[in-house]
Amino acid sequence: MSCRIPHDPPSQLGLHEDRPELHALSMPRSGRGEIENLLIECRRLPGVRQLRVYVPAPGLRGDAPLPVVLVNDGHKAFEPANHHTVSPMHQSGTLQLHRVIDGLLCRGDLRPAVIVAVGVHASSRADQYVPVRTSFGDVSFGGLGDTYLDLLEHEVLPAVHALLGPGALSDAAGDHVLLGTSIGGVSALYGALTRPSVFGSAIALSPSAWVGDGFLTRLARERGEVGARIATDIGQREQPVIRQHCIELFEALSTRGGGRVLAADVDGVHNEDSWRMRLPRLLEHVLGTR
């Protein structure tokens, strides 16, 4: 394996070439990105919100302005809560995006990017990620999805620009990537479908395409050509009703997006450990060294 950061990966990593987060554990500290915490006081959806901002190591960053990936459910983006007491090799329950990105960058499979884990207010999570009012049994939720996207565009992105300084981030819409899982994936796809001039790329793992009785599928069919670059998948061992809604959505996206859309039915279940294993393929579709 050829690495951009000189080091000697353990021989057993050859058995896990599809696991960049494991590759990252063998990299020297100087080759790993850093995560900085930032608190912002939001006007839209008022309150304090935590941003955790990953920036690649200087040796992997290059000189060009960097794409930025905005991650829903930011508390699940990086290391798990027990990361101080559990060996990194055995940590689970999060996407471990910092390690996934480090490993992909070292292997030369990905363009360097800034990752912004956007904190969520747990009590209103579903309201913020779903733009239409919908229900699940007796629980009603949704309706703030557009306000949340306004917050990302007009408050989160400017805060990250200010943190990193002029010229650090790319202004190209295609380099503004929304990433979400489950209901967070609804927000990612909705943003890319309705605001491609702002959020020109999206990654959605196991998106909750069932919400609003399939409103995302109807939206994809009604809007004509899909201009954004989209990568999405659903696990074959997930609930049949969830899979069926996703398959219908994926057909609509693929029909209208051509090669810009990667939509796949893959082996997997509905949790962070499965999503982490599936992430590299989706990241490479959106941010690969093409």
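Rule-based calculations on the coordinates, nothing more; no lab input. The shown structure was predicted, so the numbers you read here are calculated from the model rather than taken from an experiment. Positions of Cβ are backbone-derived with ideal geometry, glycine not excepted, and every protein chain shown enters the neighbour counts.
The charge dipole of the chain, taken about its Cα centre with unit charges on the Cβ of Lys, Arg, Asp and Glu (plus for the first two, minus for the last two), comes to roughly 220 debye.
DSSP beta bridges confined to the chain are antiparallel in about 40 percent of cases.
Charge tally around residue 75: other residues with Cβ under 12 Å, Lys/Arg +1 each, Asp/Glu -1 each, net +1. Angle check, please: helix 272-287 long axis (alpha carbons) against the longest principal axis of the chain (alpha carbons), in degrees 0 to 90, nearest 10. In the chain, helix 272-287 runs at an angle near 90 degrees to the longest axis. Write down the Kirkwood hydrodynamic radius of the stretch 251-290, to one decimal in angstroms, obtained as one divided by the mean of 1/r over all alpha carbon pairs. Its Kirkwood hydrodynamic radius stands at 11.4 Å.
Computed on the stretch 1-158, with alpha-carbon pairs under 8 angstrom and 6+ residues apart, the relative contact order is 25 percent. Which residue, 136, 3, 72, has the largest displacement toward the positive end of the dipole of the chain when charges sit on each Cβ (Lys, Arg +1; Asp, Glu -1)? Final value for the positive-end residue is 3. Its Cα gyration tensor gives the stretch 11-287 an equivalent ellipsoid; the semi-axes, largest first and in whole Å, are 27, 22, 19. By how many degrees, 0 to 90 and rounded to 10, does the Cα axis of helix 97-107 deviate from the longest principal axis of the chain? Once rounded, one gets 50 degrees. Pairs of alpha-carbon atoms within less than 8 angstrom and 6+ residues apart define the contacts here; what relative contact order does the stretch 11-287 have, in percent? Answer for the stretch 11-287 is 17 percent. The relative contact order of the stretch 113-262, computed from alpha carbon pairs under 8 Å that lie at least 6 residues apart in sequence, is 17 percent.
For the chain, the longest principal axis of the alpha carbon atoms and the long axis of helix 183-194 meet at an angle near 80°.
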